[in-house]
Amino acid sequence: MKPILFAVLLGAASLVAQPPKPSNPLGDAPAVAESGRLLYNRSCTSCHGPDGGEGARGPALDFAGRRYFRVSEAAIFDVIKNGIPGTAMPASGLADNDAWRVVAFIRNIRATASDLVVPGEEQNGMAVFTGVGGCSRCHMIRGQGGVLGPDLSSIGAQASLNRLRDALTKERSIPNGYRPVTVTTLKGEIFTGVARNSDAFSLQLLEESSKLRLFDLSEVRSAVFSKQSLMPHGYDKSLSKTQFQDLLAMLSRQTRTKVKATLQGENEVGR
Amino acid sequence: MTVCGIFRAMTLRGIFTAACLTAALTAQVTDRQLHEANSANWLTYNGSYDSRRHSALKQVNVSTVDSLVAKWVFHVPNATALQTVPIVADGVMYVTQPNEVYAVDARTGRQIWEYHRVPARQKGPNRGVAIWRDKVYFTTPDAFLVALNAASGNVVWEAKLAEASDGYWSPAAPMIVNGKVIAGSAPGDHGLNGFLDAYDATTGERLWRFNPIPKPGEPGSETWAGESWKAGGGNTWLTGSYDPDLNLLYWGIGNPAPDFNGDVRKGDNLYTESVVALDPDTGRLKWYFQFTPHDLMDWDAVEIPVLVDATYEGKPRKLMAHADRNGFYYLLDRATGKFLHGSPFVKQLNWASGLTAAGRPILVPGVEPTLMGTKVCPAAIGAANWMSPAFSPDTGLFYVVAQEGCGIANKSTETFRPGGFQYRATGDVEVRDDTWKVYVRALDLTTGKLMWEQERIGSTGFGGGLLSTAGGLLFSGELNGEFVALEAKNGKALWHFYTGQRITASPITYAVNGRQFVAIAAGSDIMSFGLLK
């Protein structure tokens with residue numbers, strides 16, 4: 001296991017450098033994280049939001065794409081035990097074991113979907129993806145499917161479970177490169193798709209048919225952008241509960257590129 | 001289909017019809033397009049299967065080149081010395097650096113997509129993609145061949161070429177022949193035996209493998225003493241050429257290992273330092289020609305084989321021209337491999353006094369790496385290297401970037417260690433005195449006679465390769481950062497643009513909606529040029 005090796009290496013290095021970094025003695029099993037969640041919701045939500053979201057007086061602790069200052073188990077443990085001097089973040093007074101439970105919870109909500117055990121049938125999920133869900137019209141998994149939306153072959157290793165759920169159920173802001181656009185040329189031809197890129201002089205449009213249309217805007221009468229993503233977002237309603245869960249499970253296991261993006265700040269010691 | 005005939009528009013001298021409003025990628029680069037030598041696209045590493053790097057585009061020509069101006073710059077993040085040759089298909093340009101591919105709008109330089117390989121093994125350079133139908137193909141520092149969807153950059157399939165942990169990787173742009181992706185290996189300097197592979201371009205399934213180092217019992221194995229074939233080298237780190245009529249694939253093979261000490265590998269060491277002609281359907285060897293038997297100077301014979309049909313000794317012949325790293329310019333019959341002509345294209349050449357009637361070098365005794373060091377010319381870096389040559393059917397001249405210079409070459413008794421370690425048994429120290437110079441040289445195709453030369457003043461090394469156009473121009477990227485247009489018939493410098501970065505890549509040309517562009521990678525940027533109006 002990596003943590004053990006790490007400790008051994010640090011042990012050797014400690015002759016010259018920092019003391020060894022402790023890691024969670026309780027481990028990171030779902031049950032430990034769940035007990036941590038209960039403790040957290042009891043002790044921390046006066047400032048942070050419930051389940052690790054943003055609160056009135058404290059920042060979000062979950063996987064929200066923000067840069068965490070404290071990422072390692074040891075650094076989070078340190079914050080819970082000692083607080084952050086000079087800020088509103090207090091020392092919690094939790095016993096060591098309870099503090100470690102909360103550490104497991106915070107690490108868990110920052111995990112990517114593939115780090116978690118998401119219940120559901122992967123094969124059925126794939127059938128939903130290519131069948132009733134209609135996902136493969138716009139998304140590719142392992143070389144099969146459309147190109148309008150992002151390739152989902154590694155989505156389990158890139159996105160948190162919450163992000164996956166939100167993508168399927170909520171209207172979100174449209175990421176760069178996926179803004180829907182309708183272009184009308186001076187000649188009156190009309191093209192629709194997503195704008196992979198654009199500026200005041202040119203626009204690079206990708207059609208659902210996989211055709212790229214590259215416009216010099218001097219040849220274009222109008223380029224009308226839509227504020228609504230092409231990604232449909234009512235799948236919790238349009239799919240059955242099982243279909244939805246199977247789909248989530250399948251997506252969580254898409255890890256073609258197995259290396260998970262390291263969180264910014266990973267391996268850094270706290271401030 | 002709203003795609004306009006870009007090539008047709010060009011032959012109408014750039015008349016831009018109303019039907020040609022948009023540049024559209026049909027997502028279909030066909031076999032036929034790959035077979036057409038000249039078009040507004042630049043579809044293969046050297047522009048066409050015959051690797052002439054000669055374009056029929058002539059909007060930019062001897063009289064208009066004055067008003068050639070920079071149109072856009074695409075910065076490749078974290079790049080240093082790009083060697084990528086851009087591929088352009090219907091207005092979309094594909095460029096690479098190790099582990100990364102970018103698709104950009106060839107008219108504006110604006111990015112369409114990018115692909116990053118994760119994890120990214122640090123090894124370079126990468127020289128570009130190949131394109132076929134709706135996919136682009138490239139090879140990686142961890143020795144994979146990756147197929148990407150050309151419109152989105154999504155990975156369609158990956159095929160493992162070899163074990164990266166053994167030390168293998170691949171820098172060359174692959175080549176597509178009849179629905180097969182041809183891809184090779186590096187490096188030969190680690191004692192790793194090379195290969196040339198063909199993969200099904202649709203599925204990624206491996207169809208054949210050619211082993212440049214024959215195994216015991218196979219023809220050629222008698223040219224390797226003892227067990228030396230096991231760590232024999234012979235890699236395929238550049239792109240080759242193809243003759244559709246003869247249905248022959250030509251590929252240059254790299255150096256034998258260890259590079260500088262041949263004592264452990266007595267014999268000619270086939271098929272290192274050779275060009276091999278293969279049947280692209282089976283990978284079977286049809287003929288070979290070895291430029292440097294039993295090479296001791298790391299003179300990889302991977303330099304591009306240029307295919308030209310011309311009259312030779314009164315008869316029309318299918319020729320192959322090749323300027324080798326060893327300092328000789330060769331002319332072969334590419335149907336049979338027969339040696340026709342060879343002559344030095346550098347003045348500083350002391351290791352051979354000439355070539356025999358069969359093309360074998362006549363060695364000068366003692367001019368080889370020694371324990372104490374011996375002066376050998378050309379230096380190990382060679383008289384030519386990977387920077388592409390060009391041939392113009394209009395001038396009949398073969399253009400090559402030629403390095404004049406010598407090295408003090410040493411050998412040692414280093415032994416092979418598995419695991420990707422260097423296995424060179426030493427090298428040479430370049431003699432960087434005032435004879436160390438780089439030139440663009442124009443050789444008469446059939447006689448190899450020097451017709452003109454232009455010194456790359458201020459360059460201390462090769463720099464980039466060459467591009468010839470029907471506009472009577474020869475484009476040349478210099479290591480010192482100058483991008484230059486020479487008059488193809490006499491070498492006169494007609495235009496130059498200082499890119500501010502070292503150029504180590506070969507230029508290309510293409511057209512979008514009837515307007516010609518000339519592009520090159522310079523340092524960390526891709527730059528594209530066109531006429532002011």
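The values are calculated or read from the model by the stated rules, or taken from the named source; none is laboratory data. Bear in mind that the values here come from a model prediction, so they are computed numbers and not experimental data. Heads up, the Cβs are rebuilt from the backbone with ideal geometry, glycines too, and the neighbour counts pull from every protein chain shown.
Taking the numbered list (1) touching a residue at least 24 places away in the same chain (Cβ under 8 Å); (2) assigned to a loop (DSSP other than H, G, I, E, B); (3) touching a Ser or Thr at 6+ places or on another chain (Cβ under 7 Å) in turn, B:G188 passes all entries but (3). Residues in region B:144-178 that are at positive phi and either touching an Asp or Glu at 6+ places or on another chain (Cβ under 7 Å) or not in a loop (DSSP other than H, G, I, E, B) (or both): B:G153, B:N178. Looking across A:I174, A:I155, one residue alone is in contact (Cβ under 8 Å) with a residue 24 or more places away in the chain and surrounded by fewer than 21 Cβ atoms within 10 Å (Cβ to Cβ). It is A:I174. Within region B:299-343, the set of residues being under 17 Å from the mean Cα position of the chain (by Cα) and among the charged types (D, E, K, R) comprises B:D300, B:E303, B:D324, B:R325. When region B:488-511 is limited to residues that are closer than 19 Å to B:Y45 by Cα and assigned to a strand (DSSP E or B), the one that is nearest to the chain's Cα centre (by Cα) turns out to be B:I508.
Within this structure, B:A106 passes the test of being within 12 Å of another protein chain (Cβ to nearest Cβ) and buried (at least 20 other Cβ atoms within 10 Å of the Cβ).
With respect to the conditions (1) surrounded by 22 or more Cβ atoms within 10 Å (Cβ to Cβ); (2) more than 20 Å from the chain's Cα centre (by Cα), B:T356 falls short on a single one, namely (1). Taken together, the residues in region B:320-344 that are surrounded by 24 or more Cβ atoms within 10 Å (Cβ to Cβ) and of a type in the set (A, V, I, L, M, F, W, C) amount to 6. For region B:247-295, a tally of residues being crowded, with 24+ Cβ neighbours inside 10 Å and part of a loop (DSSP other than H, G, I, E, B) returns 15. A Cβ distance below 7 Å, combined with a sequence gap of six or more or placement on separate chains, defines the contacts here; from region B:239-257, residues that are within 14 Å of B:I304 (Cα to Cα) reach residues that are modelled with pLDDT under 95 in the pairs B:G254/B:G188. Look at (1) within 30 Å of B:L340 (Cα to Cα); (2) in contact with a Leu (Cβ under 7 Å, 6 or more places away or on another chain) and you find that B:G472 fails only one, number (2).
When you look at A:A99, is it over 21 Å from the mean Cα position of the chain (by Cα) and either surrounded by fewer than 20 Cβ atoms within 10 Å (Cβ to Cβ) or part of a helix (DSSP H, G or I) (or both), yes or no?
Yes; evaluated as a whole, the condition is true for this residue.
Residues in region A:81-100 that are touching an Asp or Glu at 6+ places or on another chain (Cβ under 9 Å) and within 20 Å of A:A31 (Cβ to Cβ): A:W100 only.
Considered as a group, the residues in region A:221-247 that are among the hydrophobic types (A, V, I, L, M, F, W, C) and surrounded by 20 or more Cβ atoms within 10 Å (Cβ to Cβ) include one that is farthest from B:A103 (Cα to Cα), and that residue is A:F244.
Scanning region B:426-471 for residues that are surrounded by 15 or more Cβ atoms within 10 Å (Cβ to Cβ), β-branched (V, I, T) and over 30 Å from B:M372 (Cβ atoms) yields B:V440, B:T446, B:T469. Just one of A:G193, A:G145, A:G149 is surrounded by 15 or more Cβ atoms within 10 Å (Cβ to Cβ), at pLDDT 95 or above, more than 21 Å from the chain's Cα centre (by Cα) and closer than 30 Å to A:P119 by Cβ; which is it? Answer to the check: A:G145. Of B:A162, B:A198, B:A143, B:A151, all but one fail to be more than 16 Å from the chain's Cα centre (by Cα), aliphatic (A, V, I, L, M) and within 14 Å of chain A (Cβ to nearest Cβ); the exception is B:A151. Screening B:S185 with (1) closer than 25 Å to A:L206 by Cβ; (2) in contact with a Gly (Cβ under 9 Å, 6 or more places away or on another chain) gives one miss only, at (1). The requirement of being of a type in the set (V, I, T), over 16 Å from B:M297 (Cβ atoms) and within 24 Å of the chain's Cα centre (by Cα) is not satisfied by B:T413. When the residues of region A:175-195 are filtered to those that are among the aliphatic types (A, V, I, L, M) and farther than 17 Å from B:S152 by Cα, the one that is nearest to the other protein chains (Cβ to nearest Cβ) is A:L186.
Within region A:119-142, the set of residues being buried (at least 16 other Cβ atoms within 10 Å of the Cβ), more than 14 Å from chain B (Cβ to nearest Cβ) and not in a helix (DSSP H, G or I) comprises A:G120, A:E121, A:G133. Residues of region A:171-195 that are part of a strand (DSSP E or B) and among the hydroxyl-bearing types (S, T, Y): A:T182, A:T184, A:T185, A:T192.
Among the residues of region B:109-140, the ones that are more than 14 Å from chain A (Cβ to nearest Cβ) and free of Cβ contacts under 8 Å to residues at least 40 places away in the same chain come to 1 in all. Considering only residues of region A:196-226 that are more than 10 Å from every other protein chain (Cβ to nearest Cβ) and part of a strand (DSSP E or B), which is farthest from the chain's Cα centre (by Cα)? So the residue we want is A:R221.
The residues in region A:1-56 that are at pLDDT 90 or above, among the hydrophobic types (A, V, I, L, M, F, W, C), surrounded by 11 or more Cβ atoms within 10 Å (Cβ to Cβ) and not in a helix (DSSP H, G or I) can be counted, and the count is 3.
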